[in-house]
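Right, one structure below, let's go through it.
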Amino acid sequence: MLAWLGSERAATWGRAVAWWTAAVLWGGLTGVAVVYLGAGWATDVLGGWLLGGLSAVIVSTLGRTRSRLRVQASPTPGTPPASS
């Protein structure tokens, strides 16, 4: 979530890539450390990665859809309101 929010507000493409790179490395290294230390099973970590990725895709899609619907629903300046 932080990578998505950070990349949306990044001034350059390189900074957006840096946000996503940091997020993927953080999650990946944390999962590897959990398995290495014996605190969890590899299948649990893989399931967490998949669930996290799926939730990120869903939230991102909903956010973009919502912003597109707002743009379509907002009237253009200078046009009279629709009468019913």
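The values are calculated or read from the model by the stated rules, or taken from the named source; none is laboratory data. None of these values were measured; they are calculated from a predicted model. Note that we place each Cβ from the backbone using ideal geometry, even for glycine, and neighbour counts take in every protein chain shown.
Among the residues examined, ALA10 qualifies as surrounded by 12 or more Cβ atoms within 10 Å (Cβ to Cβ) and either closer than 23 Å to THR61 by Cα or acidic (Asp, Glu) (or both).
Out of curiosity, is LEU69 modelled with pLDDT of 90 or more and either exposed (fewer than 12 other Cβ atoms within 10 Å of the Cβ) or in contact with a Ser or Thr (Cβ under 7 Å, 6 or more places away or on another chain) (or both)? Step through it out loud before you land on a result.
On the way: modelled with pLDDT of 90 or more: no; either exposed (fewer than 12 other Cβ atoms within 10 Å of the Cβ) or in contact with a Ser or Thr (Cβ under 7 Å, 6 or more places away or on another chain) (or both): yes.
Considered against the rule, which asks whether it is modelled with pLDDT of 90 or more and either exposed (fewer than 12 other Cβ atoms within 10 Å of the Cβ) or in contact with a Ser or Thr (Cβ under 7 Å, 6 or more places away or on another chain) (or both), LEU69 comes out as no.
Filtering segment 11-66 to residues that are in contact (Cβ under 8 Å) with a residue 24 or more places away in the chain and of a type in the set (S, T, N, Q) leaves only SER60.
Could you identify the single residue in ALA22, ALA18, ALA39, ALA56 that is small (Gly, Ala, Ser) and modelled with pLDDT under 90? Walk me through how you get there before you give the answer.
Working: ALA22 fails: modelled with pLDDT under 90; ALA18 fails: modelled with pLDDT under 90; ALA39 fails: modelled with pLDDT under 90.
Selected residue: ALA56, the only one of ALA22, ALA18, ALA39, ALA56 that is small (Gly, Ala, Ser) and modelled with pLDDT under 90.
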